[in-house]
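A short worksheet on the structure shown next.
The values are calculated or read from the model by the stated rules, or taken from the named source; none is laboratory data. Keep in mind that what you see is a predicted model, and the values were worked out from it rather than measured. Glycine gets a Cβ as well: all are built from the backbone with ideal geometry, and neighbour counts include every protein chain shown. With ligands, DNA and RNA removed, areas are computed over all heavy atoms of the protein, side chains included. Shrake-Rupley method; radii C 1.70, N 1.55, O 1.52, S 1.80 Å.
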Amino acid sequence: MRIDKAEVIVTSPDRNFVTLKITTEDGITGLGDATLNGRELAVVAYLSEHVAPLLIGADASRIEDTWQFLYRGAYWRRGPVTMASIAAVDMALWDIKGKAAGMPVYQLLGGASRKGLLAYGHASGKDIPELFDSVNQHLDEGFRAVRIQSGVPGLHAIYGIASQSDDVGGGESRYDHEPARRGSKPVEEDWDTESYLRYIPTVFEAVRNEFGPALPLLHDGHHRMTPIQAAQLGKSLEPYHLFWLEDCTPAENQEALRLVRQHTTTPLAIGEVFNTIWDFKDLIREQLIDYVRGAVTHMGGITALKKTLDYAAMYQVSSGMHGPTDVSPVGMAAALHLGLAIHNFGIQEYMTHGSRTNQVFEQSFAWNEGLLHPGNKPGLGVELNVDEAGKYPYERAYLPYNRLADGTVHDW
Ligand code: KDG
Ligand code: MG
């Protein structure tokens, strides 16, 4: 199983995706997702200039050894560009191993631990009526858990509101929300934490009154609060019994979660911007979080995220893998295989991709009564339609950034 080719394919069907395609000498192909939203070409360069040449002639069956070689052998470790690159190689090798064995990847990881993966969708609205419509639409689509994001009076454009994304423009095909915008400069959004803290509990009260006590509700704070503000929010949301409060503080300040934890029983999720088990280790060991938000694509692949989640299992911390539209269908498939196999699965984020993306990436996952299943095709179950991919060249795009009313840059 020697590697014959390692190609980096960039395509922008609805948004930019970076995919690594590895082909073995006997013609088996494997795909890996290396998409890093807004910094895609940095990963392309890392993969094509520094990683692909090392793969040619290597043994595709040696997944763990290849991971260690790329991680330790680079000397310069960690970071989103490095770890997305390693993730792509790792996913592609698991895909190849599955195809060679004639088995879906989840079977190689120990087999299914459940019928399917509970998934949450992104309900959002500029105001309460629009939010209720969005929740109803998700329930009609079969979702059994929803993330709640709402506009805040006085703020013009904030994270997570689908209808506002339409206003801001970008692409004809509408995502649930797609924060990255095509263009040469990032869009500026506005922010005021005090207005947000005053308003959000009233949103959850309204949603609970309308949809009852049982529907699992999630919320993303998107790194904007100070520790004490996050503690206040967690406490004020306790009556509404959230499934989780996500990224309540900027992720680099891990001690912040100690303070938040002392003040609230609202479950906490963090880590979509983390890259390795080392980012999670102390938070898990000290039981400061309840859910690991790492994505297979940004955590160094199936091999690395499985180790993180196995460690988390010892502390009753569960998975909550990141699944926004910037994780490609290949990265999503990897998450589904891993989530189906591990015991400590919690929930899977699921933002549906646009129709052009679904034509470029031929997928075999199933959606049934709110549960996702990766399907039973050998490998990851995703194939790249190269002709379709070629129709959509890369377009520069950036995530937005935030400024406060006085002009100060704030965490986005
Ligand atoms: O690329 C950034 C997005 O993936 C992120 O803003 C989405 O926070 C996010 C989420 O929870 O899906
Ligand atoms: Mg998030």
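On full extension of the chain, what length is gained from Q137 through L259, given 0.36 nm per residue of separation minus the C-alpha to C-alpha distance?
Contour length minus the Cα-Cα distance gives 40.2 nm.
Mind listing the phi-derived Karplus ³J(HN,Hα) values for the stretch 314-327, rounded to whole Hz, using 6.51, -1.76 and 1.60 with θ = phi - 60°, and x for any glycine or proline?
Once rounded to whole Hz, the list reads 5, 10, 6, 9, 10, 7, x, 4, 4, x, x, 5, 7, 8.
Which one, H241, L217, G300, is farthest towards the positive end of the dipole of the stretch 197-302 when Lys and Arg carry +1 and Asp and Glu -1 on their Cβ?
Looking along the dipole axis, the top candidate is H241.
Starting from the stretch 54-147, pick out the chymotrypsin sites (Phe, Trp or Tyr not before Pro) whose DSSP state is loop and whose Cβ has at most 15 other Cβ atoms within 10 Å.
Y75, W76
So what does the Cα-only Debye profile of the chain read at q = 0.07, 0.09 Å⁻¹, as log10 I(q)/I(0), no solvent term?
-0.30, -0.51
At a probe size of 1.4 Å, how large is the accessible area of L54, to the nearest 10 Å²?
Approximately 90 Å² of L54 is accessible to the 1.4 Å probe.
Run through all the Cα pairs of the stretch 264-340 and give the fraction in each 10 Å bin from 0, expressed as whole percent.
It works out to 21, 56, 21, 2, in whole percents.
Given +1 on the Cβ of Lys and Arg, -1 on the Cβ of Asp and Glu, and no further charges, what dipole in debye does the stretch 260-408 carry about its Cα centre, rounded to the nearest 20?
Here the size comes out at about 200 debye.
Kindly express, to the nearest 10 degrees and within the range 0 to 90, the angle between helix 193-211's C-alpha long axis and the longest C-alpha principal axis of the chain.
For 193-211 against the chain, the angle is about 90 degrees.
Could you grab the relative contact order for the stretch 292-412? Cα pairs under 8 Å, six or more apart, rounded to a whole percent.
Dividing the mean separation by the residue count of the stretch 292-412 yields 20 percent.
Report, in degrees rounded to the nearest 10, the 0 to 90 angle that the Cα long axis of helix 128-140 makes with the longest principal axis of the chain.
40 degrees
Where the accessible area of the stretch 238-285 is counted over protein heavy atoms with a 1.4 Å probe, how much of it, in %, is carbon and sulfur?
Of all accessible area on the stretch 238-285, carbon and sulfur atoms account for 53 percent.
Taking H placed 1.01 Å from N in the peptide plane, check which residues at least 5 places from G379 or on another chain put their amide H under 5 Å from its amide H.
G98, K99, M103, V105
Around R147, which amide H atoms from residues at least 5 apart in sequence, or from another chain, sit under 5 Å from its own amide H, with H modelled in the peptide plane?
Under 5 Å from the amide H of R147 lie the amide H atoms of G121, H122, A123, L218, each far enough along the sequence or on another chain.
Through the Karplus equation 6.51 cos²θ - 1.76 cosθ + 1.60, θ set to phi - 60°, convert the phi angles of the stretch 34-39 into ³J(HN,Hα) values in whole Hz; use x for Gly and Pro.
For the stretch 34-39, the Karplus curve yields 10, 7, 10, 3, x, 10 Hz.
Cα extents of the stretch 211-310 along the three principal axes, largest first, in whole Å?
Computed over the stretch 211-310, the largest-to-smallest principal extents equal 38, 30, 22 Å.
Carbon-plus-sulfur fraction of the accessible area of the stretch 329-412, 1.4 Å probe, in percent?
50 percent
Gaussian network model of the chain, Cα springs within a sub-10 Å range: biggest mean-square fluctuation belongs to which of K185, K99, K235?
K185
Averaged per residue, what accessible area in Å² does the chain show with a 1.4 Å probe, protein chains only?
39 Å²
Calculate one ³J(HN,Hα) per residue across the stretch 143-152 by plugging θ = phi - 60° into the Karplus curve 6.51 cos²θ - 1.76 cosθ + 1.60, and present them in order as whole Hz with x for glycine and proline.
5, 10, 8, 9, 8, 10, 10, 9, x, 10
Roughly speaking, what is the centre-to-centre gap between the stretch 297-332 and the stretch 362-395 when only Cα atoms are used, to the nearest Å?
Between the Cα centres of the stretch 297-332 and the stretch 362-395 lies a distance of 18 Å.
In the stretch 252-396, how does Rg compare with the Kirkwood Rh, expressed as the Rg/Rh ratio over alpha carbon atoms?
Dividing the radius of gyration by the Kirkwood radius yields 1.02.
Would you compute, for the Cα atoms of the stretch 1-157, the largest minus smallest coordinate along each principal axis and list the three values in descending order, in whole Å?
58, 37, 28 Å, listed from the longest principal axis down.
Ignoring ligands, DNA and RNA, please state the percent of accessible area on the stretch 1-51 from carbon and sulfur, probe 1.4 Å.
45 percent
Pairs K97/K281; K5/K99; K5/K377: which exceed 19 Å Cα-Cα?
The pairs that break the limit, which is 19 Å between Cα atoms, are K97/K281; K5/K377.
Run through the DSSP bridge list for the chain and note the antiparallel percent, rounded to the nearest 5.
If we restrict to bridges inside the chain, about 50 percent are antiparallel.
Using Cα pairs under 8 angstrom and six or more residues apart, how large is the relative contact order of the chain, in percent?
23 percent
Given DSSP loops and a limit of at most 16 other Cβ atoms within 10 Å, what is the longest stretch of the chain that contains no such GluC sites (Glu not before Pro)?
Longest gap between qualifying sites, sites excluded: 26-140.
What do you get for the angle between helix 329-341 and the principal long axis of the chain? Use alpha-carbon atoms, 0 to 90 degrees, nearest ten.
Once rounded, the angle reads 80 degrees.
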